[in-house]
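Participant: Got a structure here, written out as structure tokens. Questions coming.
The values are calculated or read from the model by the stated rules, or taken from the named source; none is laboratory data. None of the values given here were measured: they were computed from a predicted structure. Here the Cβ is made from the backbone with ideal geometry for all residues, glycine too, and neighbour counts use every protein chain on show.
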Amino acid sequence: MLFGKIDYINLLPFWIFVKRYIPSTQIKQAIAYKRDFPSNINKKFKARKIQAAFISSIESKRYSNSCFDIGIVAKSEIKSVILKPGVSKGDPHSASSNRLSKKLGLEGEVIIGDKALKAYLESPQSYMDLASIWWERYRRPFVFARLCAHKKRAFYKKLSKRFLRSSTKIPYYQLQRYSKSRGVPYKEIKEYLDLVYYGIDKKAKISLKKFLRD
């Protein structure tokens, strides 16, 4: 199974679920081996070096028939996709977020992922939360990524549906490990995960369509 893995806190519940859902150690090792940043995952998916992954929503436009109703969704804020006002500079690990800042007409440095979450929590007044600005402007959740697959679509569709129906409890030691490695307090990680949704519902689809329109 060539599943590309983005090892950010926002996908921690999904990877915990996958470990429980898939008993094969070999498959788990294969998933861990394909770990990379979002922009590189996009490139590997396009080159078919991986068969499935959460890819940037802007990149998923070309794979509409290969994507499922699951992704990384922020209802009104996210804290891990931020912009530092000033000279415009994209995050090299992003695609959708860089595009989002341009669509919102904002100038500054885009920062994504766990490093962005850490920076925002340390100095929220210094950054703009891009998901919050999108919500204030359109009253719609923002879809940052979608799960798409080139092969074994039936398997991934079943996997995604089961995950969305599940209530994945993250072990304390996992939260502590991520807290230590990312420099984000345990309590803040739990609160952050409450901001992240995975099901792409009707409102999210309308929002995604608007984002991808131009």
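Participant: Being surrounded by fewer than 19 Cβ atoms within 10 Å (Cβ to Cβ) and aromatic (Phe, Trp, Tyr) narrows it down to one residue among Tyr156, Tyr138, Tyr120; which is it?
Facilitator: Tyr138
Participant: With (1) modelled with pLDDT of 85 or more; (2) surrounded by fewer than 20 Cβ atoms within 10 Å (Cβ to Cβ) as the list, and Arg35 as the residue in question, which single condition is left unmet?
Facilitator: Result: Arg35 fails condition (1) only.
Participant: Still on this structure, please answer the following. Which ones in segment 160-181 are closer than 17 Å to Asn10 by Cβ, hydroxyl-bearing (Ser, Thr, Tyr) and in a helix (DSSP H, G or I)?
Facilitator: Within segment 160-181, Ser160, Tyr178, Ser179, Ser181 qualify.
Participant: Let me ask something additional. Which pairs turn up if I take residues in segment 50-64 that are within 20 Å of Phe211 (Cα to Cα) and assigned to a strand (DSSP E or B) and look for partners that are of a type in the set (Val, Ile, Thr) and modelled with pLDDT under 95 with beta carbon separation below 7 Å, at least 6 apart in sequence or on another chain?
Facilitator: If the second residue must be of a type in the set (Val, Ile, Thr) and modelled with pLDDT under 95, the pairs left are Phe54/Ile6; Ile55/Ile41.
Participant: For segment 186-199, state whether one or more residues are outside any helix (DSSP H, G or I), small (Gly, Ala, Ser), surrounded by fewer than 16 Cβ atoms within 10 Å (Cβ to Cβ) and touching a Phe, Trp or Tyr at 6+ places or on another chain (Cβ under 8 Å). If you could, list the steps in order and put the result at the bottom.
Facilitator: Filtering segment 186-199 down to residues outside any helix (DSSP H, G or I) leaves 194-199.
The next check asks that each one be small (Gly, Ala, Ser); those that pass are 199.
With surrounded by fewer than 16 Cβ atoms within 10 Å (Cβ to Cβ) added as a condition, the list becomes 199.
Still in the running and touching a Phe, Trp or Tyr at 6+ places or on another chain (Cβ under 8 Å): none.
Among the residues of segment 186-199, not one is outside any helix (DSSP H, G or I), small (Gly, Ala, Ser), surrounded by fewer than 16 Cβ atoms within 10 Å (Cβ to Cβ) and touching a Phe, Trp or Tyr at 6+ places or on another chain (Cβ under 8 Å), which makes the answer no.
Participant: Give the residues of segment 81-108 that are hydroxyl-bearing (Ser, Thr, Tyr), more than 20 Å from Tyr138 (Cα to Cα) and buried (at least 17 other Cβ atoms within 10 Å of the Cβ), sorted by residue number. Steps first, answer last, please.
Facilitator: Of all residues in segment 81-108, those hydroxyl-bearing (Ser, Thr, Tyr) come to 88, 94, 96-97, 101.
Next cut, more than 20 Å from Tyr138 (Cα to Cα) only: 88, 94.
The answer is Ser94, and nothing else.
Participant: Something else about it: Out of all the residues in segment 118-136, is one or more within 24 Å of Phe45 (Cα to Cα) and of a type in the set (Gly, Ala, Ser)?
Facilitator: no
Participant: List the residue pairs whose Cβ atoms are under 7 Å apart, where the first residue sits in segment 3-14 and is farther than 15 Å from Lys49 by Cβ and outside any helix (DSSP H, G or I), the second is modelled with pLDDT of 95 or more and of a type in the set (Asp, Glu), and the two are 6 or more positions apart or on different chains.
Facilitator: Matching pairs, first to second residue: Tyr8/Asp114.
Participant: For the list (1) farther than 28 Å from Ser66 by Cα; (2) more than 19 Å from the chain's Cα centre (by Cα); (3) surrounded by 15 or more Cβ atoms within 10 Å (Cβ to Cβ), I need the number of the one condition that Ile133 fails.
Facilitator: Failing condition for Ile133: (2).
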